[in-house]
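J.: One structure follows; several queries about it will come next.
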Amino acid sequence: MTGLIERASLHPARTAFRSASGSHTYADLLQSSASIARGLLSELPDLAEERIAFLMPAGMPYAEVLWGIWRAGGIAVPLSAAARQAELEHVLRTAGVRRVIVAGASHDALSQAAASVGALCFAPEQLDRAEPGPQAAALPVVDASRRALIVFTSGTTNRPKGVVWPHGMLDAQIEALARSWEWQDSDCIPLFLPLHHIHGILNVLSCALWSGACVEPFDRFDPETIVCRVRERAYSVFMAVPTIYVKLIQILESLPPDEHRACREAFGAMRLMVSGSAALPVSVHQRWRALTQQVLLERYGMTEIGMALSNPLHGERRPGFVGIPLPAMEIQLVNESGVVVAGENEPGEIWARGPGVFREYWDNPKATAAAFHEDWFRTEDIAIREQGYYRIMGRQSVDIIKSGGYKISALEIEHVLLSHPAIAECAVVGLPDPVWGEVICAAAVLHGGKSLDLGELSAWCADKMSEYKQPRWLELLDALPRNALGKVLKPDLIRLCRR
């Protein structure tokens with residue numbers, strides 16, 4: 001059985017979940033998940049990797065179903081409550097799901113999707129969950145090589161693929177994060193991230209339960225309630241995406257002086273705050289530190305490799321960088337010629353290998369073969385190594401702009417633009433150009449009441465890039481003609497609109 005469940009027996013009396021409606025111990029979780037496992041098995045000795053999809057509220061209902069599927073020998077397929085019927089049908093059909101566990105409230109899109117693929121929807125309460133007696137059959141033995149999860153990719157460039165996580169991969173990921181981030185049984189963390197993505201499943205829920213920590217679940221990100229709980233010193237660890245930190249900054253800056261000070265101090269008192277799932281703008285990193293004295297720990301991962309890189313818990317956390325390889329994770333950069341980048345300051349695609357890397361897309365051998373070179377997984381993300389730390393330039397297919405013979409990161413330009421006092425939101429893309437190959441097009445939304453002169457913006461961008469003093473940007477500024485960024489960021493290609 002997965003080490004995650006074995007470890008729960010080490011701290012049965014500790015609180016696993018707490019909320020306004022009550023709390024549940026690890027003993028409760030073990031008992032209820034075993035009951036669900038027996039209900040799923042019925043007369044079977046082992047589910048033998050039957051794929052069972054589920055859609056449950058965060059917290060105890062989610063965890064007991066997830067663990068119940070695992071303890072019965074099944075493969076769990078978590079679903080998104082926000083997914084449309086066509087998306088749900090794709091997941092259910094691809095994974096070959098025949099049973100779907102869903103909370104009592106009706107979910108029309110899921111019901112229709114299940115019906116269309118011939119799957120049965122039912123609530124956990126409909127299982128025969130009689131308490132085990134002395135003659136009850138033992139639950140199956142599930143070793144580390146067995147498949148545990150199928151988590152679907154975001155599908156940014158093609159149809160979402162089902163990434164298979166064996167129990168051994170899950171344990172390897174949790175052990176690396178628990179060690180690197182020093183998870184403790186005294187920790188408490190809010191859980192408001194989606195539970196069909198690795199960020200919520202692995203980084204928050206599984207790491208906390210592995211460590212004997214306490215999870216406080218929310219159905220969604222409720223900023224006012226969460227800020228209130230932070231002010232009450234409810235949490236020691238906090239994990240969120242960059243947009244949530246932007247929202248929290250806005251809330252803190254709007255509070256009256258006494259509340260503002262109390263919240264800043266409460267956030268600053270946490271032992272660890274992590275940002276991930278998207279690039280954290282340097283301006284947000286710096287503003288959060290100025291407000292709370294917390295230096296956000298940024299890390300890098302994806303569905304196929306879990307977490308691969310992380311800034312250190314102890315040591316320098318560099319804004320704009322995702323740190324160094326996590327334990328047991330090997331990382332190399334490979335250039336367009338297929339040559340491993342030996343030095344620094346040269347971009348390359350991130351290749352990863354190790355026990356925390358997946359081995360297959362479900363029922364998709366062609367995609368699996370294309371994703372690997374020998375035992376190295378090719379992430380399609382471009383990064384650069386500077387003084388030992390990795391910096392993500394973006395997705396090879398969408399975030400890298402090739403202009404004037406150089407690879408330019410759209411993410412880096414977005415980060416710079418977002419530090420302009422007039423710009424609230426922006427997106428940067430490359431457009432075809434007969435001279436440059438591609439030119440940079442920036443679309444920006446201005447703060448209310450702000451105006452922006454396009455010529456001044458181009459000059460400001462060039463100055464700001466130089467301030468970063470990053471070798472690649474200095475090289476680019478020197479190589480292109482004078483005021484090149486002013487030319488590349490052509491005024492007629494910049495679309496500015498007022499909020």
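J.: If only one of ALA16, ALA81 is crowded, with 23+ Cβ neighbours inside 10 Å and in contact (Cβ under 8 Å) with a residue 12 or more places away in the chain, which one is it? Working first, answer last.
T.: Values: ALA81 fails: crowded, with 23+ Cβ neighbours inside 10 Å.
So the residue among ALA16, ALA81 that is crowded, with 23+ Cβ neighbours inside 10 Å and in contact (Cβ under 8 Å) with a residue 12 or more places away in the chain is ALA16.
J.: Filter the stretch 326-344 down to residues that are touching a residue at least 40 places away in the same chain (Cβ under 8 Å) and over 24 Å from ILE408 (Cα atoms) and give me whichever is surrounded by the most Cβ atoms within 10 Å (Cβ to Cβ).
T.: LEU326
J.: Residue by residue through the stretch 30-66, note down the ones that are touching a helix residue (DSSP H, G or I) at 6+ places or on another chain (Cβ under 9 Å), of a type in the set (A, V, I, L, M) and surrounded by fewer than 21 Cβ atoms within 10 Å (Cβ to Cβ).
T.: Selection gives LEU30 alone.
J.: On to the next question. Taking the stated definitions as given, is PRO347 surrounded by fewer than 19 Cβ atoms within 10 Å (Cβ to Cβ) and on the phi < 0 side of the Ramachandran plot?
T.: On the way: surrounded by fewer than 19 Cβ atoms within 10 Å (Cβ to Cβ): no; on the phi < 0 side of the Ramachandran plot: yes.
Considered against the rule, which asks whether it is surrounded by fewer than 19 Cβ atoms within 10 Å (Cβ to Cβ) and on the phi < 0 side of the Ramachandran plot, PRO347 comes out as no.
J.: Here's something else I'd like to know. Determine if the stretch 354-367 includes at least one residue that is buried (at least 21 other Cβ atoms within 10 Å of the Cβ), at pLDDT 95 or above and of a type in the set (Ser, Thr, Tyr).
T.: Within the stretch 354-367 (the criterion being buried (at least 21 other Cβ atoms within 10 Å of the Cβ), at pLDDT 95 or above and of a type in the set (Ser, Thr, Tyr)), the answer is yes, since at least one residue qualifies.
J.: Does the stretch 215-259 hold any residues that are surrounded by fewer than 19 Cβ atoms within 10 Å (Cβ to Cβ) and among the hydroxyl-bearing types (Ser, Thr, Tyr), and which are they?
T.: THR225, SER236, THR243, SER254 - these are the residues of the stretch 215-259 that are surrounded by fewer than 19 Cβ atoms within 10 Å (Cβ to Cβ) and among the hydroxyl-bearing types (Ser, Thr, Tyr).
J.: Moving on. Have a look at ARG318, ARG289 and point out the one that is under 21 Å from SER419 (Cβ atoms), part of a loop (DSSP other than H, G, I, E, B), out of contact with any helix residue (DSSP H, G or I) (no Cβ under 8 Å at 6 or more places or on another chain) and outside the structural domain of PRO166 (by TED's automatic domain parsing).
T.: On the way: ARG289 fails: part of a loop (DSSP other than H, G, I, E, B).
That would be ARG318, the only listed residue that is under 21 Å from SER419 (Cβ atoms), part of a loop (DSSP other than H, G, I, E, B), out of contact with any helix residue (DSSP H, G or I) (no Cβ under 8 Å at 6 or more places or on another chain) and outside the structural domain of PRO166 (by TED's automatic domain parsing).
J.: Among the residues that make up the stretch 99-107, is at least one of them out of contact with any Ser or Thr (no Cβ under 8 Å at 6 or more places or on another chain), part of a helix (DSSP H, G or I) and among the aliphatic types (A, V, I, L, M)?
T.: no
J.: Follow-up. Kindly indicate which of VAL117, VAL100 is aliphatic (A, V, I, L, M), more than 24 Å from ILE198 (Cβ to Cβ) and at pLDDT 95 or above. Can you show your working first?
T.: Numbers: VAL100 fails: more than 24 Å from ILE198 (Cβ to Cβ).
From the options VAL117, VAL100, the qualifying one is VAL117.
J.: Please verify whether the stretch 269-285 includes one or more residues that are assigned to a helix (DSSP H, G or I) and modelled with pLDDT of 95 or more. First the steps, then the outcome.
T.: Residues of the stretch 269-285 assigned to a helix (DSSP H, G or I): 269, 282-285.
Still in the list and also modelled with pLDDT of 95 or more: 269.
Yes, that holds for at least one residue.
J.: Find all pairs meeting these conditions: Cβ atoms under 6 angstrom apart; at least six residues apart or on different chains; first residue within the stretch 118-141 and outside the structural domain of PHE54 (by TED's automatic domain parsing); second residue modelled with pLDDT of 65 or more.
T.: If the second residue must be modelled with pLDDT of 65 or more, no pairs are left.
J.: From the residues in the stretch 360-375 that are of a type in the set (D, E, K, R) and touching a Ser or Thr at 6+ places or on another chain (Cβ under 8 Å), which one is farthest from ARG51 (Cα to Cα)? Don't jump to the end; show me each part of the working.
T.: Just the residues of the stretch 360-375 that are of a type in the set (D, E, K, R), to begin with: 360, 363, 366, 374-375.
In the following step, the residues that additionally are touching a Ser or Thr at 6+ places or on another chain (Cβ under 8 Å) were identified as 360, 363.
Details: GLU360: 15, ASP363: 12 Å.
Among those that are of a type in the set (D, E, K, R) and touching a Ser or Thr at 6+ places or on another chain (Cβ under 8 Å), it is GLU360.
J.: Do the conditions hold for MET302, that is, is it touching a Gly at 6+ places or on another chain (Cβ under 9 Å) and under 24 Å from THR379 (Cβ atoms)? Show your work before the answer.
T.: Details: touching a Gly at 6+ places or on another chain (Cβ under 9 Å): no; under 24 Å from THR379 (Cβ atoms): yes.
Here the answer is no, as MET302 does not meet what is asked.
J.: Among (1) surrounded by 20 or more Cβ atoms within 10 Å (Cβ to Cβ); (2) outside the structural domain of SER23 (by TED's automatic domain parsing); (3) small (Gly, Ala, Ser), there is one condition GLY162 misses while meeting the rest; what is its number?
T.: Failing condition for GLY162: (2).
J.: Would you be able to say whether some residue in the stretch 178-188 is in contact (Cβ under 8 Å) with a residue 24 or more places away in the chain and closer than 25 Å to LEU88 by Cβ? Even if it seems obvious, please write down each step before you answer.
T.: Looking only at the stretch 178-188, we keep the residues that are in contact (Cβ under 8 Å) with a residue 24 or more places away in the chain, and these are 178-188.
Adding the requirement that they be closer than 25 Å to LEU88 by Cβ leaves none.
There is no residue in the stretch 178-188 that is in contact (Cβ under 8 Å) with a residue 24 or more places away in the chain and closer than 25 Å to LEU88 by Cβ.
J.: Answer with yes or no whether HIS373 is under 23 Å from ALA278 (Cα atoms) and either free of Cβ contacts under 8 Å to residues at least 40 places away in the same chain or among the hydroxyl-bearing types (Ser, Thr, Tyr) (or both). Give the steps one after another, and end with the answer.
T.: Numbers: under 23 Å from ALA278 (Cα atoms): no; either free of Cβ contacts under 8 Å to residues at least 40 places away in the same chain or among the hydroxyl-bearing types (Ser, Thr, Tyr) (or both): yes.
For HIS373, the condition - under 23 Å from ALA278 (Cα atoms) and either free of Cβ contacts under 8 Å to residues at least 40 places away in the same chain or among the hydroxyl-bearing types (Ser, Thr, Tyr) (or both) - is not met.
J.: Might you let me know whether the stretch 196-214 holds any residue that is modelled with pLDDT of 95 or more, buried (at least 20 other Cβ atoms within 10 Å of the Cβ), assigned to a strand (DSSP E or B) and under 19 Å from the mean Cα position of the chain (by Cα)?
T.: no
The values are calculated or read from the model by the stated rules, or taken from the named source; none is laboratory data. As the structure is a computational prediction, the values presented were derived from the model and not from experiment. Don't worry about glycine lacking a Cβ; one is built from the backbone with ideal geometry, like all the others, and counts go over all protein chains shown.
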